[in-house]
Amino acid sequence: MNENLFASFITPTMMGLPIVIFIIMLPSMLLTSSKRLVTNRFHSFQQWLAKLIIKQMMLIHSPKGRTWSLMLVSLIMFIGSTNLLGLLPHTFTPTTQLSTNLGMAIPLWAGAVILGFRHKLKASLAHFLPQGTPISLIPMLIIIETISLFIQPMALAVRLTANITAGHLLIHLIGGATLVLTSISPPTATITFIILALLTVLEFAVALIQAYVFTLLVSLYLHDNT
């Protein structure tokens, strides 16, 4: 296999121009709205899913935090649909790019933190220094808590990038091995094909779970600051 394993993660271009913006816009085009009184099954499923997400995410939030409900629903549906579309052949997955995930994680994290400092200044500052800390450990703990605060958006982005990238690489490797073994050992190729099919089903679950985990962590950051 002389093919570059990371070739599928290179940003696609058309006439020398990157088309990643159009690829990112594609999932939102699939989730359309309807002005009819009686909607079809797709819109009914879309509304049911949005209500389920709001019920799960907004249960622990205060009225101020529930103002983010539309943002969180849009976020989980965008990441989930992007991850699922990325599993189709000859497609590009924007969530495999760390820059894309940082572009989602940093503004949401910063908005939650700024909201906390604006409305709950004392409580937000109290997170930097746990109660009952010895005086000698105060400077070290403040530095550690500050670093951990700024690592949060990086952890969000890296977690999503690593999980999606690892799944795509495994599918690529096992798929290539299956093609090579087809002419060498058909029984072994059959076994690897079954493993590939099971891994593909697992990746569909991982695509949805990672969207839920990303949005849930953003929701928890928001809950700590509202």
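Which value in deg cm²/dmol, rounded to the nearest 500, describes the helix-derived mean residue ellipticity at 222 nm for the chain, given -39,500 (n - 2.57) per DSSP H run of n ≥ 4 and division by the residue count?
Here the helix-only value at 222 nm equals -24500 deg cm²/dmol.
Return the inverse of the average 1/r over all pairs of distinct C-alpha atoms in the range 133-226, which is the Kirkwood hydrodynamic radius, in Å to one decimal.
16.7 Å
For the range 7-225, report the accessible area per residue in Å² (1.4 Å probe, heavy atoms, rounded to an integer).
62 Å²
Only residues of the range 53-67 count here: report those whose backbone N is under 12 Å from the spot 7 Å along Cα→Cβ of HIS119, or say none.
61-67
So which residue, out of TRP48, TRP109, TRP68, gets the largest mean-square fluctuation from a GNM of the chain using Cα contacts under 10 Å as springs?
Ranking TRP48, TRP109, TRP68 by mean-square fluctuation puts TRP48 first.
I need the calculated FRET efficiency for the pair MET15 and TYR212, taking r as the beta carbon distance and R₀ as 45 Å, to the nearest 0.05.
Step by step, r from the Cβ atoms, then E = 0.75.
When the accessible area of the range 7-225 is split by element with a 1.4 Å probe, what percent falls to carbon and sulfur?
On the range 7-225, the fraction of accessible area on carbon and sulfur atoms equals 75 percent.
Could you give the length gained on full extension between ILE106 and HIS127, defined as 0.36 nm per residue of separation minus the Cα-Cα distance, in nm?
Length gained, ILE106 through HIS127: 5.6 nm.
Any idea how far apart ARG41 and SER148 come out in nm if each label point goes 7 Å out from Cα toward Cβ?
4.9 nm
Please give every one of the lysines within straight-line cross-link reach of LYS120, meaning a C-alpha to C-alpha distance under 26 Å, and leave out same-chain neighbours fewer than 8 residues apart.
LYS55, LYS64
Decide, for the range 24-133, between rounded, prolate and oblate: order the square roots of the alpha carbon gyration tensor eigenvalues as a ≥ b ≥ c, take rounded if a/c falls under 1.5, and otherwise choose prolate if a/b is larger than b/c, else oblate.
oblate
When N is the residue count of the chain, what does its C-alpha Rg come to as a fraction of 2.2 N^0.38 Å?
1.26
The values are calculated or read from the model by the stated rules, or taken from the named source; none is laboratory data. The shown structure was predicted, so the numbers you read here are calculated from the model rather than taken from an experiment. Every residue, glycine as well, gets a Cβ built from its backbone with ideal geometry; the counts of neighbours run over all protein chains shown. For the accessible areas, the whole protein counts, side chains as well, though only heavy atoms, and no ligand, DNA or RNA atoms are used. Shrake-Rupley method; radii C 1.70, N 1.55, O 1.52, S 1.80 Å.
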